[in-house]
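Data first, discussion second: the structure below is written as structure tokens.
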């Protein structure tokens, strides 16, 4: 399953964001290092379900469908808080950096209200620059990666320049634990004009620039501008938007409250909606009603949503560019072998083919692949057909059909 990490310094709302996304109860407090080990959970990507387009009633198995909105499960990890000097082991630095190595993308949480200092201790709103929340994560991650790359650099250089090894392969092996691919390493070297034939020419600054470039390519950021219900956040959101990353204004606490209220059947709310409705004949306490009214006025009306679902969608659909595909066994009835209509959604990386989908469903299906069928157009597709958003695909294989 694909993985996105939630990162940032202590006390910016990372654990609240994780809890809002997953409804997993975690310890939340306003002091540094409340989270001392990573929390893993499942949240959902929100995509339009093709059931509305086709006028059918679906029976989801691997996902959920609410009024034509398909919620697809994806994995999320909340990492311990990061502080300056983490790449040297300060705070929980080594533990933090080790936890995020498998993440495909990173949601960097920034306190848009400027209410936490560099070590994550509370300060008056507006007294700290939230842009530094982002640049600190950039700096620590890049220095950590540069340290991995630079280890035994002279030895690697000698091996490459005497023809005994290849630099790209050496770097791929060294960075394999971070899920970094050959093409990403080649792209970073190429964009910086660094010689892969003469690595001894690389200076210390080159190693750091390489790590910075590779991080941007292989571990893209989405910025969560959290705590937008606090007035001081307004101007800071605009300042964060001047960075090179997508920025999503959000209130993790508001989303957590809405999802809890929905889970207790107090309101109708689907994550990502711009509003909610009270259930009929529900009795709310004065405190509950006041909290919901505040969320509606200060968050939903002003910002359009809590931003939490947008963060998940932005990370998976806009940054990682995953493609939701609906596999079926029967291309006419749009069902699986049990008769479930549109049972599954698979998230496929950009450039994936119909054969890639077959292998993702089951290795035997991929090995015996004959052809695919576009269930909309009722035409055959070759093994190299490139999947498109919302495709409904049936795989025909020597083993079975899916």
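How about the range 304-313: which of its residues are buried (at least 22 other Cβ atoms within 10 Å of the Cβ) and not in a loop (DSSP other than H, G, I, E, B)?
Within the range 304-313, 308, 309, 310, 311, 312 qualify.
Checking the condition touching a strand residue (DSSP E or B) at 6+ places or on another chain (Cβ under 6 Å), in a loop (DSSP other than H, G, I, E, B) and under 27 Å from residue 16 (Cα atoms), which residue from 103, 113 passes? Write out each step before concluding.
Numbers: 113 fails: touching a strand residue (DSSP E or B) at 6+ places or on another chain (Cβ under 6 Å).
Result of the check over 103, 113: 103.
One residue stands out among those in the range 362-391 that are within 24 Å of the chain's Cα centre (by Cα) and buried (at least 19 other Cβ atoms within 10 Å of the Cβ): the one that is nearest to residue 44 (Cα to Cα), which is 391. Taking the criterion of being more than 23 Å from residue 320 (Cα to Cα) and buried (at least 19 other Cβ atoms within 10 Å of the Cβ), the residues of the range 208-231 that qualify are 227, 228, 229. Does at least one position in the range 310-321 carry a residue that is under 28 Å from residue 5 (Cβ atoms) and in contact with a helix residue (DSSP H, G or I) (Cβ under 6 Å, 6 or more places away or on another chain)? For the range 310-321, residues under 28 Å from residue 5 (Cβ atoms) and in contact with a helix residue (DSSP H, G or I) (Cβ under 6 Å, 6 or more places away or on another chain): absent.
No lab work stands behind these numbers, since they all come straight from the coordinates. Computed from a predicted model, the values in this text were never measured in an experiment. Here the Cβ is made from the backbone with ideal geometry for all residues, glycine too, and neighbour counts use every protein chain on show.
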